[in-house]
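Novice: Below is the structure I would like to discuss, written out as structure tokens.
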Amino acid sequence: MLRLLPPVLFAAVSLTTLHAQTSGPGCAINPASPSVGAGVPAPYFAPPLSTVDPRLAGPLQLITAGVLDAPAGTITMPLYKGRMRDGRAVWYILTDTTDEGNARALGINFSPRLNFAAVGRGVRLGTLEKGGVLVFESGTVDFTPVRRVVAGPASALFPPTVTEPGSRGDNSYTPLVRIANAGGHGYNAPMIAFDALNTRLNMVNGSTDYSVVHDKVVRIDPRAGTDTLALTPGFSFARPVLYLSTDASAGLAAAMEGAKLAPGLVDIAVGADDSAFSAVERIFAFINGPRSCNNPQRQGFDSALLDGCAPMNVLGGIPTIANDYSPLWDLNRGAWTESALMNQYRTGRGEVWLHRNHHQLPHRVPVPLNDPRPTDSAYSGRDSGGRFRTGGRRRRPPPPHRSRMAPDDGAGVTEGGKCRSHMERCRGACAERS
């Protein structure tokens, strides 16, 4: 059975549905070539259907403002410079807005549900001044802390024994801002650097100083006005997704995601996802899923702490797949029970489905993401190369006694800087889906 634990909130945006490369089929999400099952090579096939209609199957970049490098798992976004009311510089990016027209114009995500986030400290106030400079009334960030994540003992890797976020906002910081003199629209404007001179931010040769910038930054060039950020692979409704997570309401989530601690997000209500006046969407993370990058079913926090790769979280609705997208993710953690482990029910999953004999859910998550009928839920599996099976009717997973899963093994526990390669790819915005 699968137990779901209490949630926390973090800000993530869906960037695209596509593929990201990491060693091993369990650490990669590679859509199958259209030539699978055919007698002709891939060049004979037409472009993906998503190029004709974004609702159809195929790779699709959702945040078109940035230049996506799918093999590297990064996106290069426009870098904006604003300031605090006292004159200190604020460097930020834009990923989502409540202004549908400007979302299309800027190539970012439209999220009307952000209108419901303006509760307590959930949203900061901003004002546009001459030259298009955005002035923030509150919310500063300290980027000097060193991010540390130390796994627990081999018998209980999660929760980690040490979780220290690499950047911390003050008590009023949130990535969300409402611009008072621009129609009152809201924006997701995560801070990338604070009170830093242009010359100190010039990090284009790979020597990134994380005491100055966000832990997701790969390269930053204030002269060119660009910022390259690491993305995280996951799934949404069984489709592979790359997303950017920038901020979290809790220190543990911020440290593991390589995100910024944003205390203001605490005031945004969770638990009423998809209902009236809810600002959030759900994301499901598994604690003790199958391990090892050599296992196509690999998933979970334990695996991420062992090998430093993504935990392969399952996101709720993203643009083109659902109409209730929000960059604020209500994180629900699940754990496979001892009974499930003993009966070999454990597997990786690209969507959440229920079976009365295998899973146990709390009252606050009464139905699966994709289908209210547990025994009819869809299933998408990965082959030994990490590619997703395509074509035909999707079926439920085979019974446990017929499933063939790779050994549940893994390398030694990853600590500190060794985790950075993955954690810098886990941010939280929908930039693309596949």
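Novice: Yes or no: the stretch 207-221 includes at least one residue that is in contact with a Leu (Cβ under 9 Å, 6 or more places away or on another chain), of a type in the set (Lys, Arg) and closer than 26 Å to Thr163 by Cβ.
Specialist: Yes, that holds for at least one residue.
Novice: Farther than 28 Å from Phe158 by Cα, charged (D, E, K, R) and buried (at least 19 other Cβ atoms within 10 Å of the Cβ): which single residue out of Asp195, Asp215, Asp227, Asp221 fits that description?
Specialist: Values: Asp195 fails: buried (at least 19 other Cβ atoms within 10 Å of the Cβ); Asp215 fails: farther than 28 Å from Phe158 by Cα; Asp221 fails: buried (at least 19 other Cβ atoms within 10 Å of the Cβ).
Testing whether each residue is farther than 28 Å from Phe158 by Cα, charged (D, E, K, R) and buried (at least 19 other Cβ atoms within 10 Å of the Cβ) leaves just Asp227.
Novice: What about Gly258, is it at pLDDT 90 or above, over 14 Å from the mean Cα position of the chain (by Cα) and surrounded by 24 or more Cβ atoms within 10 Å (Cβ to Cβ)?
Specialist: Numbers: at pLDDT 90 or above: yes; over 14 Å from the mean Cα position of the chain (by Cα): no; surrounded by 24 or more Cβ atoms within 10 Å (Cβ to Cβ): yes.
The answer is no for Gly258.
Novice: A follow-up question, please. Looking only at the stretch 154-186, filter to residues that are of a type in the set (Val, Ile, Thr) and outside any loop (DSSP other than H, G, I, E, B); which one of those is farthest from Ile287 (Cα to Cα)?
Specialist: Initially, the stretch 154-186 is screened for residues of a type in the set (Val, Ile, Thr), giving 161-163, 174, 177, 179.
Keeping just the survivors that are outside any loop (DSSP other than H, G, I, E, B) gives 162-163, 177, 179.
On the way: Val162: 17, Thr163: 16, Val177: 33, Ile179: 39 Å.
Applying the filter and picking the extreme gives Ile179.
Novice: Can I ask one more? Kindly list the number of the only condition in (1) β-branched (Val, Ile, Thr); (2) part of a strand (DSSP E or B); (3) at positive phi that fails for Thr320.
Specialist: Only one criterion in (1) β-branched (Val, Ile, Thr); (2) part of a strand (DSSP E or B); (3) at positive phi is unmet by Thr320, namely (2).
Novice: Could you list all residues from the stretch 154-170 that are surrounded by fewer than 16 Cβ atoms within 10 Å (Cβ to Cβ) and either modelled with pLDDT of 95 or more or aliphatic (A, V, I, L, M) (or both)? Give the steps one after another, and end with the answer.
Specialist: Of the stretch 154-170, the ones surrounded by fewer than 16 Cβ atoms within 10 Å (Cβ to Cβ) are 154-156, 159, 161-162, 170.
Once the filter is applied, which keeps residues that are surrounded by fewer than 16 Cβ atoms within 10 Å (Cβ to Cβ) and either modelled with pLDDT of 95 or more or aliphatic (A, V, I, L, M) (or both), the stretch 154-170 yields Ala154, Ala156, Thr161, Val162, Asp170.
Novice: Quick check on my filter: what residues within the stretch 108-148 are part of a helix (DSSP H, G or I), within 18 Å of Pro327 (Cβ to Cβ) and charged (D, E, K, R)?
Specialist: Going residue by residue through the stretch 108-148, those that are part of a helix (DSSP H, G or I) are 112-117, 130-132.
Add one more test, that the residue is within 18 Å of Pro327 (Cβ to Cβ), and what stays is 112-117.
Hit for the stretch 108-148 is Arg113, nothing else.
Novice: For residues that are over 21 Å from Gly66 (Cα atoms) and of a type in the set (A, V, I, L, M, F, W, C), scanning just the stretch 209-240, find the one that is modelled with the lowest pLDDT.
Specialist: Filtering first and then ranking leaves Ala238.
Novice: So Asp267 passes all but one of these: (1) farther than 24 Å from Ala189 by Cβ; (2) at pLDDT 90 or above; (3) not small (Gly, Ala, Ser). Which condition number does it fail?
Specialist: (1)
Yes or no, residue by residue, for (1) part of a strand (DSSP E or B); (2) within 19 Å of Ile75 (Cα to Cα); (3) of a type outside the set (D, E, K, R); (4) touching a residue at least 12 places away in the same chain (Cβ under 8 Å):
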{"residue": "Ala193", "(1), (2), (3), (4)": "yes, yes, yes, yes"}
{"residue": "Arg200", "(1), (2), (3), (4)": "no, no, no, yes"}
{"residue": "Gly206", "(1), (2), (3), (4)": "no, yes, yes, yes"}
{"residue": "Gly234", "(1), (2), (3), (4)": "yes, yes, yes, yes"}
{"residue": "Pro240", "(1), (2), (3), (4)": "yes, yes, yes, yes"}
{"residue": "Asp247", "(1), (2), (3), (4)": "yes, yes, no, yes"}
{"residue": "Asn288", "(1), (2), (3), (4)": "no, no, yes, yes"}
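Novice: Looking at Pro311, Pro263, which is the one that is under 20 Å from Lys216 (Cα atoms) and crowded, with 24+ Cβ neighbours inside 10 Å?
Specialist: On the way: Pro263 fails: crowded, with 24+ Cβ neighbours inside 10 Å.
Result: Pro311 is the single residue among Pro311, Pro263 that is under 20 Å from Lys216 (Cα atoms) and crowded, with 24+ Cβ neighbours inside 10 Å.
Novice: Tally the residues that are in contact with a helix residue (DSSP H, G or I) (Cβ under 9 Å, 6 or more places away or on another chain), at pLDDT 85 or above and small (Gly, Ala, Ser), restricting the search to the stretch 36-87.
Specialist: Here the count works out to 2.
Novice: Another question about this same structure. Test Tyr243 against the stated conditions and say whether it is at pLDDT 95 or above and closer than 25 Å to Asn313 by Cα. Before you say what the answer is, go through the steps one by one.
Specialist: On the way: at pLDDT 95 or above: no; closer than 25 Å to Asn313 by Cα: yes.
Answer is no for this residue.
Novice: Answer yes or no as to whether Asp215 is over 19 Å from Asn332 (Cβ atoms), under 17 Å from the mean Cα position of the chain (by Cα), part of a loop (DSSP other than H, G, I, E, B) and not hydrophobic (A, V, I, L, M, F, W, C).
Specialist: Numbers: over 19 Å from Asn332 (Cβ atoms): yes; under 17 Å from the mean Cα position of the chain (by Cα): yes; part of a loop (DSSP other than H, G, I, E, B): yes; not hydrophobic (A, V, I, L, M, F, W, C): yes.
Yes: the conditions hold for Asp215.
Novice: Would you check if there is a residue in the stretch 93-107 being buried (at least 20 other Cβ atoms within 10 Å of the Cβ), in a helix (DSSP H, G or I) and modelled with pLDDT of 95 or more?
Specialist: yes
The values are calculated or read from the model by the stated rules, or taken from the named source; none is laboratory data. All values reported here derive from a predicted model rather than from experimental measurement. Here Cβ is always computed from backbone atoms with ideal geometry, including for glycine, and neighbour counts include all displayed protein chains.
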